[in-house]
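Shown next, in structure tokens, is the structure this report addresses.
The values are calculated or read from the model by the stated rules, or taken from the named source; none is laboratory data. Because the structure is a prediction, the values reported are computed rather than measured. Cβ: placed from backbone, ideal geometry, glycine included. Neighbour counts: every protein chain shown.
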Amino acid sequence: MVVSGNNIIAGASFDGVNPSGVYVSNDNGQTWALRNEGLNMDGFEIETMLIANGNIYMGGLKSGQNFDSVWIRPLSQVIGIKKISSNVPDKFSLSQNYPNPFNPSTKIKFNVPPFEGRQEGRIVLKVYDVLGNEITTLVNEKLQPGTYEVPFSINQFPDYQMPSGVYFYKLTANGFSETKKMIILK
């Protein structure tokens, strides 16, 4: 297990229900998202993790092999959020996800302006189903002013199958709140 900002990253082996892989929580371990996109975790047991130079390094054993393996991945891909512009916007805004409709993944972009009296502030981006039930928290951390993008994939929930339909994502920060609609089309 390693910690980066408000993110807890854990390596887990197959427990009979949940698959092996890298799990990320940004709400103190209350919910976890599987972040295995692009990693072949079949038979791989993570034994150690390290964050250095903007990367996450995972060491472990591959079952059926007589040698250790090391996986290296940019931390921003595991955490999911990345700053795509340092230009300072003058107001908060939430963009329409792209592509929309989507299957299996999409990207959500938002702007963070300067916070009065502080250099950073807490930004929360959540996804809800059509009944208003929270599906996941994509962002829950303090961010510097700029433009950010976060990926969202229906494959990151091993124990919840997201059916086709309408979902909502909501950005809240410093008194600002905006909600947009997105559609999963399988």
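Quick rundown of the values:
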item: Any hit, region 73-80, residues being within 22 Å of Arg35 (Cβ to Cβ) and modelled with pLDDT of 80 or more; result: no
item: Selection count where residues are more than 15 Å from the chain's Cα centre (by Cα), of a type in the set (A, V, I, L, M, F, W, C) and in a strand (DSSP E or B), scope region 133-186; result: 7
item: Matching option when the condition is at pLDDT 65 or above and touching a helix residue (DSSP H, G or I) at 6+ places or on another chain (Cβ under 6 Å), among Ile46, Ile56; result: Ile56
item: Within region 59-72, considering residues that are surrounded by fewer than 14 Cβ atoms within 10 Å (Cβ to Cβ) and at pLDDT below 75, the one farthest from the chain's Cα centre (by Cα); result: Asn66
item: Residues (part of a loop (DSSP other than H, G, I, E, B) and under 16 Å from the mean Cα position of the chain (by Cα)) located in region 89-132; result: Asn97, Pro104
